[in-house]
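Reviewing the structure listed below.
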Amino acid sequence: MSDQGSSQGNQYPPDPELAKTANVRPEMKDQGLEEFWDNQAKDKISWFEDYDQVLEWNLPYAKWFVGGKLNACYNAVDRHVENGQGDKVALHVVPDDGPDSDQAHDITFAQLQEQVVTFANGLKKLGVGKGVPVGIYMQMIPQAVVAMLACARLGAPHTVVFGGFSGKAVAERCNDLECKVLITQDQALRGGKSADQKTNADEGLDAGPTTVEKVVVVKRTGADIPMSDRDVYLDDLVDGESGDAESCPCEPMESEDLLFLLYTSGSTGKPKGVVHTTGGYLVGVATTHNLVFDVKDDSVYWCAADIGWITGHSYITYGPLVNGCTSVLYEGVPGYPDKEVWWKIVEKYKVSILYTSPTAIRSHMKWGEEHAQAHDLSSIKILGSVGEPINPEVWEWYREYVGGGKAPIMDTWWQTETGHILITPLPGITTMKPGSAQQPFPGVLPEIRDDEGNKLDVEQTGNLVLTAPWPGMMRGLYKDDERFRETYWSKYSDAYFAGDGAKYDADGDIMLMGRLDDVVNVSGHRLSTFEVESALVEHDDVAEAAVAARKDPDTGQAIVAFVSLKGDKQGTEELEQALREQVAQSIGKLARPATVIFAPDLPKTRSGKIMRRLLKNLAEGEELGDTSTLVDPSVVDEMKKQIDG
Ligand code: WTA
């Protein structure tokens, strides 16, 4: 855990001009929880049928907007067209080679509607409809957003699998949710390199029994790829299908009907299928998007995340579109085709709100501010950060060089499980302190407690909990209620346990201190040490593996793998490479260990438990403390030699 924010550091009072016009009003914090969310639900969402109860709370099970009927796609697309906003740009589509590419184009809300309806009509032919789950394994192309919305239109729950994950990960998730249809693309194009997305998916699906019966393939590069009877190109599927809204009406869904499942890493066992439902989730994402980023009619918003993560679900697809906001959708990565591409995008589209991760900002910082300075970024009004604690010096750089020395930074704390932002500064209200999310959003009640459940005083690190429900909260873990209760609701009988360390600073502001469990946060992406360990032991030479994290200047945390080998196998450089490749194959490249340490055995206590605290200290290069409970302390000396050497 790293100590990020500091109350001794710089403070930035809110801009009085912004305070006058900001959507968020100070008095919102005085409203009761149900009152606040009820007002927002009426203001932000169109209901086919009104709800008759705001909240039904039966800890840990929440139902929000009970009795209401609505459709996510109707809220994100159709109603804007009906309200005369059809010609407004929904998406500025920026391809991998940047905003100057001849493939850059805009999609209006009317065009988005047509694409979604056509796609949905195609899916219907494959038997997709209300309650029929669909897998999506795509990169950052507009059809990914269209696919999500087409599912929502039909009432079909989706599960998006990050496009950089392996085919194995796709197959596991699709099987778990029993998806009959998987939507993917022929090839991925990122950073100028193409990858065989569809073939990757095939490898996963073909490795064992699968529930997937049909694979819909969107053409991105048009490469000649192997197609089987299971596969159909989207173009062929929708050939002759209507794009008229009436040809495929939005399915009326109950507030508590499943909208999507998103799998995320936990500290043990297989990925957790986090359940998100329709009404509360939409109210939560639309409200937070509107108030945190102060979205106006003419805002141009860019969230540089990936739709494969919750940030992409909540703040690329659902939040901004429900708010009728114009967004940039960028396929590429920072640094390609050049180090200025991000700033060219901001300049070309006059981006007024930029939401990204500390990892991305650290890359830009490393390349130097001259790239940002070469472009007119004066359109920027609000900046956002998400995914991990932001180092104060990175915060200062972001504000100075991207925010023109004046844009406020919304350091937003939330999780896949929480669905939307819960802790964040507010524009025009909060005096900002670099490196800390600081304040609960209206209608949200966090607390920092010690292990016994006492609320902590200032400057004492403890556990972050939420003492009341919020609309977008997870409704459970798919098919695993016991794990849901155990992971989030057993530490305290009356509160949600977030798994993050936190403390109050001298003013009572909340400072996030990092994960408490065995989850590694690489470039803002959650990975479980357990999953990486499982991938390592799949290699024939490996007897045992344990994984810990160390701080990394670029990626926040980096993975250090401790590996003991079978018999007389030797830890060579080739083997190290093979192991890193093994993890990349099994999970995805971002899980690849930065360092592999070979040892004759792992440090174990007499009861046979791997001493993880020690591995963390080793990985971080810290003092090792007491090693006397180890069976064989010399194991550690050997490891330390390798790390120091
Ligand atoms: C971390 C991403 C500090 C935290 C939306 C959390 C943060 C985990 C912040 C969730 C922040 C996210 N400051 N830490 N502003 N935002 N985190 O599920 O440890 O991918 O528990 O959701 O990221 O990661 P997830």
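For the range 273-339, the relative contact order works out to 35 percent when only alpha carbon pairs closer than 8 Å and six or more residues apart are counted.
Per-residue Karplus couplings for the range 554-568, computed as 6.51 cos²θ - 1.76 cosθ + 1.60 with θ equal to phi - 60°, are listed in order as 9, 9, x, 10, 10, 8, 10, 10, 9, 10, 10, 9, 6, x, 9 Hz, Gly and Pro entered as x. Karplus-based coupling profile of the range 33-43, in residue order and whole Hz: 4, 5, 4, 4, 6, 4, 4, 5, 4, 6, 7, with θ = phi - 60° in 6.51 cos²θ - 1.76 cosθ + 1.60 and x standing for Gly or Pro. Take every DSSP beta bridge whose two residues both sit in the chain; close to 60 percent of them are antiparallel. The HN-Hα couplings worked out from phi for the range 287-300 by the Karplus form 6.51 cos²θ - 1.76 cosθ + 1.60 (θ = phi - 60°) are 5, 5, 4, 5, 7, 6, 9, 6, 6, 10, 4, 9, 5, 10 Hz, whole numbers, x standing for Gly and Pro.
Considering all different alpha carbon pairs of the range 1-152, the Kirkwood hydrodynamic radius works out to 19.7 Å.
Rounded to the nearest 20, the Cβ-based charge dipole of the chain about its Cα centre (Lys and Arg +1, Asp and Glu -1) stands at 260 debye. Tell me the carbon and sulfur percent of the accessible area for the chain, rounded to whole percent, probe radius 1.4 Å. Carbon with sulfur: 46 percent of the solvent-accessible area. Where both bridge residues fall in the range 44-185, DSSP classifies roughly 60% of the beta bridges as antiparallel.
For the peptides 630-641, 60-71, what is the packing order when you average, over each peptide's residues, the other Cβ atoms within 10 Å and list the highest mean first? List each step's numbers first, then the result.
On the way: 630-641: 15.4, 60-71: 21.8.
Ranking the peptides 630-641, 60-71 by packing returns 60-71, 630-641.
Evaluate the Debye formula for the range 418-479 with equal point scatterers sitting on the alpha carbons, no solvent, and hand back log10 of I(q)/I(0) at q = 0.28 Å⁻¹, in q order, two decimals. Summing over Cα pairs of the range 418-479 leads to -1.22. Let me make sure I get this right: for the range 270-376, a, b and c are the square roots of the gyration tensor eigenvalues over alpha carbons, sorted descending. Under 1.5 in a/c it's rounded, otherwise prolate if a/b > b/c, else oblate. Which is it? Oblate, because a/c is 1.5 or more while a/b does not exceed b/c. Annotation for the range 8-33 versus the range 221-282: alpha-carbon center distance of 38 Å.
Among the trypsin sites (Lys or Arg not before Pro) within the range 365-453, those in coil by DSSP and having at most 16 neighbouring Cβ atoms inside 10 Å are Lys406. Under 5 Å between amide hydrogens, built in the peptide plane, is the criterion, and for Ala549 it picks out Val560 among residues at least 5 positions away or on other chains. Over the range 92-170, the hull volume per residue, using the convex hull of the C-alpha atoms, is 98 Å³. Per-residue ellipticity at 222 nm from helix content only, as computed over the chain with -39500 (n - 2.57) for each DSSP H run of at least four residues, stands at -7500 deg cm²/dmol. Shape class for the chain, computed from the alpha carbon gyration tensor (a ≥ b ≥ c): rounded, with a/c under 1.5.
Considering the range 330-373 at the alpha-carbon level, its Rg and Dmax are found to be 10.0, 25 Å.
For the chain, Cys73, Cys151, Cys248, Cys250, Cys303, Cys325 have no disulfide-compatible partner, since no other Cys C-beta lies under 4.7 Å from theirs. Percent of C-alpha pairs per 10 Å bin in the range 555-623, short distances first: 18, 44, 34, 3.
Per residue, what accessible area does the range 383-510 have, given a 1.4 Å probe and all protein chains present, in Å²?
About 31 Å² of surface per residue is accessible.
Building the convex hull from the alpha-carbon atoms of the range 203-335 and averaging its projection over directions returns 12.8 nm². Only Cα sites of the range 590-642 enter the Debye sum here, all with the same form factor; the resulting log10 I(q)/I(0) across q = 0.22 1/Å is -0.82, listed in q order.
Taking the Cα centre of the range 544-597 as reference, the dipole from Cβ charges on Lys and Arg (+1) and Asp and Glu (-1) amounts to some 180 debye.
In a reduced charge model with +1 at each Lys and Arg Cβ and -1 at each Asp and Glu Cβ, the range 542-645 shows a dipole moment near 420 debye about its Cα centre.
Summarising the strand pairing of the range 157-242, around 25 percent of its internal DSSP beta bridges are antiparallel. Using the structure shown, select from Lys479/Lys566; Lys193/Lys366; Lys366/Lys589; Lys63/Lys272; Lys130/Lys589; Lys214/Lys339 the pairs with a Cα to Cα distance greater than 28 angstrom. Checking Cα-Cα distances, Lys479/Lys566; Lys130/Lys589; Lys214/Lys339 exceed 28 Å. When the Cα gyration tensor is reduced to axis lengths a ≥ b ≥ c, the ratio a/c is 1.5 or higher for the range 470-553, and with a/b not above b/c it is classed as oblate. Selection among Ala372, Val160, Ser255 by position relative to the dipole of the chain gives Ser255 as farthest towards the positive end (Cβ unit charges, Cα centre).
The values are calculated or read from the model by the stated rules, or taken from the named source; none is laboratory data. From a predicted model like this one, the values you see are computed outputs, not experimental measurements. Glycine gets a Cβ as well: all are built from the backbone with ideal geometry, and neighbour counts include every protein chain shown. SASA here: full protein model, heavy atoms, side chains in, ligands and nucleic acids out. Shrake-Rupley method; radii C 1.70, N 1.55, O 1.52, S 1.80 Å.
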